[in-house]
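Rule-based calculations on the coordinates, nothing more; no lab input. This is a predicted model, so every value here is computed, not measured. FYI the Cβ positions are ideal-geometry reconstructions off the backbone, even for glycines, and counts take in every protein chain you see.
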Amino acid sequence: MKTFIKIILLYLMPILAFATELRPGDRLQIKFPGESAFEKSFQLDHDGKISLPEIGTVKLQGMSLLQARTVLTGKLSNAYKDLSKFDLFLKERRLTVTVLGYVKEPGPVDMPIRANVQMAINSAGGLAQGAQLDKLQIRRSSGIIEFDYKHYLDSGDPSSLPKLEPMDVIFIPASPLIGNVQVEFDARTLTASGDAGEDGEAIKVFGEVHRPGTFAFKEDASVMDMIMRAGGVTRYAGIEQIRVIHQGQPYPFDMREYLDTGNPDLMPKIHQGDVIFIPQATEQVKSGSRTVYVMGEVFKPGAMEMGEGSGFYDLLATAGGPTRFAETRQIRIIRADGKVQPFDLQGYVDSQGRTKLPSIQPGDAILVPEKTDMNEKSWLKVHPNRAVRIIGAVNRPGRYEWASEMTLMDLIAHAGGPIASADTAHLQILQQRKNGNTESVSFDLKSFLDKGGDIRKIPHIRAGDTVVVPELPKDPNDNRSQWVRQSSDRSIYIFGEVGAPGRYAFNNELNFLDILSAAQGPTGMADLASVRITHRKGDTTQVTHLNLHTYFQTGDEAMLPIVKNEDVIFIPKRDRAWLEKPKETVVRVLGSVARPGRYSFDNNMTVLDLLAEAGGPQNTALQDRIMIINRIDGEAHSRLFDLVEFAKTGDYSRLPVLRAGDTVYVPGKEQSSWYRFVSTLQESLTVFSFAHLVGL
């Protein structure tokens, strides 16, 4: 019998396939031997159309396979002659739907024919944050189907999901907790104010609960259930005074009595739209013959009964202990008779029990003060007899509480350390003496940090002292008014041809190249061979001459002079040699050159170097008649130098010897006899032509 049924189905399946109506998403396979363009499958789009080569778009929606083959054969006959082997098959039925709303990638999706709503949502990138799961919709031509997708996720029951049809539109709405502005948030943010219950039906829970908000109403829910959904009550809640408001009428609920008795009749019934309010507890002032008060920076301040044998530790622990803002060094015991006893709890712990705990009597008060806040104007909290001041170039200058075991390093660290522009080599400590006078003590912190030293030599700080951290002067080119911050005995001067001349801070660890680099180095016009350093310290003024050219060539560090505070560095300009140098130390270049003038000269230079420094001969120069004038034994001598002939031979032995004080003259062609003859002849012809024109 089964074999017979299979045979019947084999015969019926082609018939059923041809009778099936085509719909959007179906994949068709065309058999057309010899035409490679038809080898791939073709899928009906949202409009029920396919696009084929040669004939374009053809709508097949609603047709059977037989009807579709007839239509395609008729259209293809206009482009192909032999259609005897053309055939059409339904390769795969697909499900094409559109997913809109709160999904990550809304739009059309293509899925297998048996796909469900969950697969469609996953194909659209999954749900977006803020989607409301219990109000999903399927929109099709027959109407709108609303279903609870959350119930499917809770139960896993596939029957709770409606079956999809081609061209369905799945819409995922937004939660009612989302406003009209799109913002990024996580699930914790979404549930922080409830679980997306709708207005009019949800229960509102607010007051002294951990997560007040709006919660969906559930049948048989109690007041305790709703309070637990809101995170439970806080430690400030007045659980004896809870109110359930139904239709404008408040109903009291004493939660403490309910917890003590377990009587369910004490709990009011809640309905849709009710409001549950948990007020803050109000306490009466406690007083009595055994009452002790703990105030200030403890976790549970208040009045408490003092039992027999209770001491300072017992009371402080009962109050929760000091908070992280507590100043445990300045605890005060306020006695019942008005006297005040200080107590250093931190010192007691550090002393390992060598000091005694204060005794506490009924009526006393323990005050744990707050630490001095660096972020507000709270300097009045610290008395002057236990404070020090730090001012100047530190990250947090101000007034700080002081203890005898602290050092200068502790103070600087507490103030955030020096800033980048601090002059740590010249710290000043202003110390008050018993006679009322103030003494200034200097300390080189930079040297101590770099090289170390005897820790006992660090100045001792006492309450009432002031520490001043000076600031290095800024670049005088940026702000001319800043230079007054730097005293002259800690400065060095640099003038002349440098990028930024001025006065700079200087110490013993810096050298000549450091100060030259700080001044942005020599300019292009600097005469590096004539640098002068004036040493001002000492009984007499001393001047050092430096040839930087030689240093750069040799790298000999011994050539660099030792500079100290108050010294003056001067780098002259190259073209000022005729003003600043005597004639015996320069060579003069005259005549037809680009830059005639006086030039510095040494024995390593030749006439070629000198001509190059002067810009070389001009076009009108008589380069074969250059004259070298010098003095030998008080008498003037002149020698002729042929630059043209030298250029041809390259014989350096023909170069004349130059010495400082000589003169080089390069004549021009206007000095030649032939040039003067031609000029005279031209003037004569001009006079003759003019006389002829006027008829003379």
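Overview of values
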| read-out | value |
| --- | --- |
| Gain in span if fully extended, Arg386 to Gln247, counting 0.36 nm per residue against the direct Cα distance | 43.7 nm |
| Residue-span extension gain [Ser141 to Glu370] - 0.36 nm each, minus C-alpha spacing | 75.3 nm |
| Which of Leu153, Leu133 has the fewest Cβ neighbours within 10 Å, and the rest in rising order | Leu153, Leu133 |
| R0 of 22 Å, Cβ-Cβ distance Ala413-Thr438: FRET efficiency to nearest 0.05 | 0.35 |
| 14 Å beta-carbon shell around Thr550, net charge (K/R +1, D/E -1) | -4 |
| Hits among aspartates and glutamates - C-alpha to C-alpha of Lys537 under 16 Å, sequence gap 8 or more where chains match | Asp489, Glu566, Asp567 |
| Two-site FRET efficiency, Ala281 against Gln428, from Cβ-Cβ distance with R₀ of 56 Å, rounded to 0.05 | 0.50 |
| Cα principal axis extents for segment 95-172, largest first, Å | 27, 25, 23 |
| Order of Met267, Met559 under a 10 Å beta carbon neighbour criterion, fewest first | Met559, Met267 |
| Per-q log10 I(q)/I(0), segment 379-469, q = 0.10, 0.13, 0.17 Å⁻¹ (Debye; single scatterer per alpha-carbon; no solvent) | -0.24, -0.41, -0.71 |
| Largest to smallest principal axis extent of the C-alpha atoms in segment 507-662, angstrom | 58, 33, 26 |
| Greater than 24 Å apart at Cα, pairs in Lys40/Lys163; Lys150/Lys269; Lys59/Lys135; Lys135/Lys163 | Lys40/Lys163; Lys150/Lys269; Lys59/Lys135 |
| Extended-chain gain in nm, criterion 0.36 nm per residue less alpha-carbon gap, Lys669 and His46 | 214.6 nm |
| Label point at His549 placed 7 Å out along Cα→Cβ; residues across segment 632-663 whose backbone nitrogen lies under 18 Å | 657-663 |
| Most to least packed among 392-398, 438-444 [average Cβ atoms within 10 Å] | 392-398, 438-444 |
| Value of relative contact order over segment 95-172, rounded to a whole percent, pairs C-alpha under 8 Å and six or more apart | 38 |
| Label point distance in nm, Asp265-Lys59, each placed 7 Å from Cα along Cα→Cβ | 7.5 |
| Simple spin-label estimate for Leu513 and Lys451 in nanometres, 7 Å along Cα-Cβ | 2.1 |
| Order of His46, His426 under a 10 Å beta carbon neighbour criterion, fewest first | His46, His426 |
